[in-house]
Amino acid sequence: GCNHNHEIEIHTESEEVKVQYSAYSERFELFAEADPFVTGQTANVLSHFSNLPDFTAFAKGTITLKLIIDGRSTEQTLENPIRKGIYSFDIRPEESGEGTMEYLVKTDSGDYKVVVPDVKVYSDTHEAIEAAQESISSKTNTTVFTKEQSWKIDFSTGYPARKPFGQVIKTTAQ
C-alpha cells in the first residue's frame, strides 16, 4: 500500500536429486544413492553394504567401484568405510551411454563382486536431472527407514509366507 515498486526475489532450494540402486550377491546387499551420472562431471555414490544373510553392516574391507560404459571403465578404490557399512565414492565418467557398476569387495575371507545393471550416463546435466526426477518414487504414504536404522535392530527382508499366527487386531489401512 505504499505506492513504491518493490521487487521481491523468491529463492527456493530444491532437494538434490539422487538415483537409487539396489543389488545383491551371494554375500552382500547393496543400497546406493548417487548423483545422476553426467559425462565429465564427478558424481558421488554413497554405497551401503550389508552382510548376507543376517543384514548386518559390512565392517571391514577394501572396495573398488567400477563404472563401465561401452567397455571403458572409470574406477575408485577405498580401503575403509566412512562409517561402518558405508563407502563414499566419487566417480567421473568419461563416456555417455548405458552400462554397469561393479563393486569388487576384498575381505579377509575372499573376494566378491556385486553388479548393478542398467546404469545410465548422460551427456548433459539437464537430461540427467530430468531422468532422475522421473525415477523418484512418490513419498505419499511412505515411511523412511534407513540402512543405518536397520543395522541397529534385528531386521531383514524376505518373501511373504502363509503361516498361522496368534491374536489378530482387525483394522483398516491404506
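The values are calculated or read from the model by the stated rules, or taken from the named source; none is laboratory data. The structure displayed is predicted, hence computed values, not measured ones. For neighbour counting, all protein chains shown are included, and Cβ atoms are generated from backbone atoms with ideal geometry for every residue, glycine included. The protein model used for the area step is the full one, side chains on, heavy atoms only, and it has no ligands, DNA or RNA in it. Shrake-Rupley method; radii C 1.70, N 1.55, O 1.52, S 1.80 Å.
Key figures
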| read-out | value |
| --- | --- |
| The range 22-128: Rg to Rh, with Rh as the Kirkwood radius over Cα pairs | 0.97 |
| Modelled label reach - GLU127, point 7 Å along Cα→Cβ, the range 43-62 residues with backbone N closer than 19 Å | 43 |
| Largest to smallest accessible area among LYS66, LYS170 [probe 1.4 Å] | LYS170, LYS66 |
| Cβ crowding within 10 Å averaged over residues, with 80-91, 107-118 ranked highest first | 80-91, 107-118 |
| Gain upon complete extension [ASP154, LYS106; 0.36 nm per residue less C-alpha separation] | 14.7 nm |
